[in-house]
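**Q** The following block contains the structure, expressed as structure tokens.
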Amino acid sequence: MALKKFLKRKPYLVWHVRDLAHLSNESIVENVLNYGDFADVKKIISGLGINKVAGIFYKQIKNKRVNYRPKILNYFKAYFKKYAKLS
């Protein structure tokens, strides 16, 4: 719920979505990592936890179609490798 309130204050992060109530955590993570600044990233990490955000990110990049821009993909691979504790 807190993440959806956060997105209401920053609608440019999910500019293509009309109904924020049905937005999944996966979609929130993807949009914030792609379009947000680092303060936005820290907000979703504090809301979901770094391991959950990293898990969502790694699950998304395993798909055949990846929606992350190359620089974003490279940065967060390195960031989560350093800071997340995934098993």
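**Q** Which residue out of Ser46, Ser27 is in contact with a helix residue (DSSP H, G or I) (Cβ under 8 Å, 6 or more places away or on another chain), among the hydroxyl-bearing types (Ser, Thr, Tyr) and closer than 23 Å to Lys85 by Cα?
**A** Ser27
**Q** Still on this structure, please answer the following. Listed residues Ser46, Ser24; which is within 11 Å of the chain's Cα centre (by Cα), of a type in the set (Gly, Ala, Ser) and at pLDDT below 95?
**A** The unique qualifying residue is Ser24.
**Q** Out of segment 42-72, which residues are of a type in the set (A, V, I, L, M) and crowded, with 17+ Cβ neighbours inside 10 Å?
**A** Hits for segment 42-72 are Ile44, Ile45, Leu48, Ile50, Val53, Ala54, Ile56.
**Q** Consider segment 1-26. How many of its residues are closer than 24 Å to Ala54 by Cβ, in a loop (DSSP other than H, G, I, E, B) and not polar (S, T, N, Q)?
**A** 4
**Q** All but one of (1) at pLDDT 95 or above; (2) surrounded by 15 or more Cβ atoms within 10 Å (Cβ to Cβ) hold for Ala78, so report the exception by its number.
**A** All conditions pass for Ala78, except number (2).
**Q** Mind listing whichever residues of segment 51-75 are more than 10 Å from the chain's Cα centre (by Cα) and of a type in the set (A, V, I, L, M, F, W, C)?
**A** Ile61, Val66, Ile72, Leu73
**Q** Okay, next question. What are the pairs with Cβ atoms under 8 angstrom where one residue, in segment 33-47, is more than 16 Å from Tyr68 (Cα to Cα) and the other, located anywhere, is modelled with pLDDT under 95 and loosely packed, with under 13 Cβ neighbours inside 10 Å? Sequence gap at least six, or different chains.
**A** Gly47/Ala2
The values are calculated or read from the model by the stated rules, or taken from the named source; none is laboratory data. It should be emphasised that the depicted structure is a prediction, and the values quoted were computed from it without experimental measurement. Here Cβ is always computed from backbone atoms with ideal geometry, including for glycine, and neighbour counts include all displayed protein chains.
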